Amino acid sequence: MTQWTMAIDVDRCTGCEACVVACREENNVPVAGPESSARGRTTEWLRIERFLEGTFPDVRMVFKPVLCVHCDDAPCVKVCPVSATYETPSGLNAQIHPRCIGTRACAQACPYTVRFFNWSEPSWDAPLEQTINPDVAVRWRGIMEKCTFCLQRIRRVEDRAKEEQRGVIDGEVDPACAQSCPTRAITFGDLDERDSRVAELFRSPRAELPMEDLGTGPRVVYLKQGEWRGSVRARSED
Amino acid sequence: MEASEHDRKIEDSLLRHVVETGAGFYIVALMLLSVIAVAGFAWSRQLANGLSVAGMNEPVFWGLYITNYIFFIGISHAGTLISAILRLTGAEWRRPITRIAEVITVIALLMGSSNILWHLGRPERLYLPLLKPQFLSPLIWDVGAISLYITGSVIYLFLPLIPDLALLRDRSPRLRGLYRILSLGWTGTERQHRILEKAISVMAVAIIPVAVSVHTVVSWTLSMTLVPMWHTAIFGPYFVVGAIFSGIAALLIAMAVLRRVFHLEDYITPLQFNNLSLLLITMACLWAYFTFAEHLTAWYGHEPAEMAVLSSRLTGAFAPYFWGMVVSCFVIPMSILVFKKTRTVTGSVIASVFVLIGMWFERFVIVVSSASHPRSQQMWDRGLYSPSWVELSVTAAEFSAFILAYVVLAKLFPLVSVWEVKEAPPGVAETV
C-alpha cells in the first residue's frame with residue numbers, strides 16, 4: 001500500500017512563500033482580507049514559520065514551511081465526535097467536509113495548529129474568483145478544512161497509472177507546494193517504496209520529525225543540519 | 001387536631017407563591033425576557049453571518065460558549081450533593097432546601113447544554129453525533145454523560161414532587177388537570193409512602209456517581225488532548241470539586257433570594273445557611289489545594305509549552321482573571337465565612353457571589369489561556385481572544401433564562417417540599 005509522505009529540506013528553504021501562494025491557488029483557500037487577518041482568522045493550509053537563530057551579530061533566519069503532518073496516531077481524528085476526519089489506508093488525514101459539524105475539537109486538539117475553521121462564507125475579491133480550481137470543492141461556513149497533500153493530484157496520477165496498467169512512478173505526484181518550490185526543498189512520494197526519494201530522505205541523519213516526542217507519528221519530515229533550535233552550533237557548522 | 005392545624009399553616013405559607021402571583025413576577029419576567037430577546041437578535045446575526053461575529057480566532061477555537069458550558073454544568077452539581085448526600089446521611093436540616101437545589105440542577109444542565117448549539121459551526125446538524133457517534137471522542141462521552149444526568153436529575157426532582165403535586169391537585173386554583181396527571185394518583189397511603197421513599201433512596205444513590213462522572217467527562221473534553229496545562233490527570237477530580245463548590249454557592253444565593261421574596265424565613269433559617277457555609281469553606285479549601293497542586297506541578301516541571309500557559313496566568317495577559325479567581329474563590333469567602341460573626345445569611349450570600357464570579361473566571365482562564373498557547377509556538381502572538389458582543393449577549397441571556405426558568409417553576413410547584421417539611425421530626429420542626 002502506498003504511504004504518502006513529505007520531506008522538507010529546511011536548509012534549502014529561502015522563505016519565498018511560493019508554496020504558500022501555490023497551495024492557496026490549487027486548493028481554493030479563501031483570502032481572509034485585512035480585517036479578518038488582524039483578528040487572527042487567516043486560513044493557510046501551508047505557512048512559513050520564521051526562526052531567528054544565534055545571537056547578534058551571529059544571526060541567521062531559518063524558514064520552516066508548516067502544514068498538516070498527516071499523523072499516524074492523529075489527535076484530531078480521535079476527538080471528532082462524528083468521524084468527520086479519519087485516516088485513509090494510504091496514510092492521509094482526510095477531512096469529510098459535509099460530515100463536519102464544527103465543534104472545532106480537532107483544531108483545539110492539534111498540537112501543530114494546522115487545522116482551519118471557516119468563520120464566514122468564503123469569498124474572493126474580483127478577479128480572484130476566476131482563479132478557483134474546478135478540481136477542488138470550495139468549503140463553506142462553519143466547517144473545518146486542512147491540507148490534503150493535494151489529494152486531487154494524487155487521485156489523477158493514480159487513475160492514469162491504473163489506466164496504463166502500471167504503478168505510480170516516484171516523483172509523478174507533485175503537490176502544488178512541491179511543484180512551485182524554486183529550490184526543490186519539498187519532496188513528496190511513497191515511503192513504502194524503498195528506493196523513492198522521500199524514503200531515502202526519511203533515512204537521512206538530517207531528518208527530524210516535528211514534535212516527535214508527542215508520539216503522533218507525523219508523515220512530514222524536516223531535514224536540517226544540526227539541531228532545530230541549537231543556535232550557536234547550527235551557525236558554526238555552516 | 002393540633003398537628004393538622006400546624007400542617008395547614010405550613011401548606012398555606014409554602015403554597016402561597018404558587019397560588020398568588022403579584023406584579024413583581026411580571027416585572028421580573030419582562031426584564032429577563034428583554035435580555036433574552038437581545039440575545040435572540042444576537043444569535044440571529046450569528047446564524048446569518050456565521051461564527052465570524054464571535055470573538056474566537058486561530059488558535060482560540062473555544063471561547064465563551066465552552067466557558068459557559070463548563071460553568072453551568074458545574075453549577076448543576078448543587079442539587080446532587082445537597083439533596084442526595086444529605087438525604088442519604090439523614091441530615092434533617094436538608095428538608096426545606098433539597099428541592100431548591102434539585103431545581104438548580106435541572107435548569108443549569110439545560111443552560112449548560114444550550115451552549116453546544118451556540119458553539120457549533122453548523123448548529124443545524126446538532127443531531128449528527130447521535131446518528132454517527134465516534135466513540136473515541138470525549139465529546140460523545142459528554143453527550144452520553146449529560147443525557148443520563150439530565151434524565152436522572154429530572155426523575156430525582158419529580159419523585160419527591162409527587163405528594164406536593166397531589167396537594168396542588170386538591171388546592172390549586174388553576175391547572176388542576178395537569179396536577180392530576182402528574183401526581184400519578186397519589187393519595188398518601190402507607191404503601192404509596194413506602195414505595196416513594198424507596199424510589200427516592202434508590203435515585204439518591206444512583207445520581208451521585210452519575211453527577212461525579214458528568215463533570216469528570218466534561219473535564220476530559222479538555223484533558224484528553226495534548227494541549228499544555230489541559231493534559232493533566234488532576235482535571236477530573238479538580239473539575240468535580242470546582243463544580244460542587246460553585247453549586248453550593250449557587251444554592252446559597254437561590255436560598256437567600258427565595259427566602260426574601262417568598263417570605264420563607266420560617267422555613268429556611270440561619271441554620272441552613274450556617275451549615276452550607278461550612279460546606280462552602282471545606283470546598284474552598286479543597287479547591288485551593290487542587291489549584292495549588294496543579295500549578296506547582298506545572299511550574300516545577302518547567303516544560304516550555306506548559307510554562308507559556310502558566311506565565312500567561314501568573315503574570316501575563318490572564319493574570320487579572322487568574323488572581324481575580326484566587327481572590328474571589330478563596331481569599332474573600334474564607335475571610336468572611338471562617339468567623340462566626342460574619343457567617344450570617346448576608347455574609348454567605350456575599351461570599352457565594354464572589355465564588356460564582358471566581359469559578360466563572362476559573363473556567364475562562366482554563367479554556368482560553370491554554371487555547372491561546374498551543375504547542376505550535378508561532379501561534380502564540382496571533383492576538384488575544386476577546387469575546388464579541390454576540391457572545392456576551394448570549395452569556396447574559398443564559399443567566400437570565402436560568403433565573404426566568406426558576407421564577408416560572410416557582411409558579412408551578414412549591415420550591416420547599418411541603419410534605420417533607422411536614423414530616424420533619426419534632427426537634428427540627430421547632431427550628432423550622
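The values are calculated or read from the model by the stated rules, or taken from the named source; none is laboratory data. These figures come from a predicted structure and were not determined experimentally. Neighbour counts are summed over all protein chains in view; Cβ atoms, including those assigned to glycine, are modelled from backbone coordinates with ideal geometry.
Only residues that are within 16 Å of the chain's Cα centre (by Cα), in a loop (DSSP other than H, G, I, E, B) and either within 25 Å of residue A:140 (Cβ to Cβ) or modelled with pLDDT under 95 (or both) were counted in the stretch A:29-70, giving 7. Just a yes or no: is a residue in the stretch B:352-369 more than 19 Å from residue B:257 (Cα to Cα) and within 12 Å of chain A (Cβ to nearest Cβ)? The answer is yes; a qualifying residue exists. For the stretch B:52-84, a residue qualifies if it is within 13 Å of chain A (Cβ to nearest Cβ) and under 14 Å from residue B:112 (Cβ atoms), and the qualifying residues are B:65, B:66, B:69. Remark: pairs (first residue in the stretch A:41-56, hydroxyl-bearing (Ser, Thr, Tyr); second residue crowded, with 17+ Cβ neighbours inside 10 Å; Cβ separation under 6 Å; 6+ apart in sequence or on different chains) = A:42/A:32; A:43/A:29; A:43/A:116. Restricting the search to the stretch A:147-165, which residues are on the phi > 0 side of the Ramachandran plot and either among the acidic types (Asp, Glu) or surrounded by 20 or more Cβ atoms within 10 Å (Cβ to Cβ) (or both)? Within the stretch A:147-165, A:149, A:150 qualify.
Of the residues that sit in the stretch B:221-268 and are part of a helix (DSSP H, G or I) and within 14 Å of chain A (Cβ to nearest Cβ), which one is farthest from residue B:146 (Cα to Cα)? If you could, list the steps in order and put the result at the bottom.
Going through the stretch B:221-268, the residues part of a helix (DSSP H, G or I) turn out to be B:221-223, B:235-261.
Now drop any that are not within 14 Å of chain A (Cβ to nearest Cβ), which leaves B:221-223.
Values: B:221: 13, B:222: 16, B:223: 18 Å.
Applying the filter and picking the extreme gives B:223.
The lone criterion from (1) closer than 18 Å to residue A:67 by Cα; (2) charged (D, E, K, R); (3) out of contact with any strand residue (DSSP E or B) (no Cβ under 9 Å at 6 or more places or on another chain) left unmet by residue A:184 is number (3).
Filter the stretch A:76-119 down to residues that are within 10 Å of another protein chain (Cβ to nearest Cβ) and among the small types (Gly, Ala, Ser), then give me how many there are. Can you show your working first?
Here is the first cut: in the stretch A:76-119, the residues within 10 Å of another protein chain (Cβ to nearest Cβ) are A:76-86, A:98-119.
Keeping just the survivors that are among the small types (Gly, Ala, Ser) gives A:83-84, A:102, A:105, A:107, A:109.
The number of residues fulfilling the criteria is 6.
Of all the numbered requirements in (1) modelled with pLDDT of 95 or more; (2) under 21 Å from residue B:119 (Cβ atoms); (3) buried (at least 24 other Cβ atoms within 10 Å of the Cβ), residue B:361 misses one, and that requirement is (3).
Filtering the stretch A:202-214 to residues that are closer than 22 Å to residue A:73 by Cβ and either part of a loop (DSSP other than H, G, I, E, B) or away from every other protein chain (no Cβ under 14 Å) (or both) leaves A:202, A:203, A:207, A:208, A:209, A:210, A:211. When the stretch B:102-134 is limited to residues that are in contact with a Ser or Thr (Cβ under 6 Å, 6 or more places away or on another chain) and more than 8 Å from chain A (Cβ to nearest Cβ), the one that is surrounded by the fewest Cβ atoms within 10 Å (Cβ to Cβ) turns out to be B:106. Each residue in the stretch B:328-351 was checked for being part of a helix (DSSP H, G or I) and surrounded by 15 or more Cβ atoms within 10 Å (Cβ to Cβ), and 15 pass.
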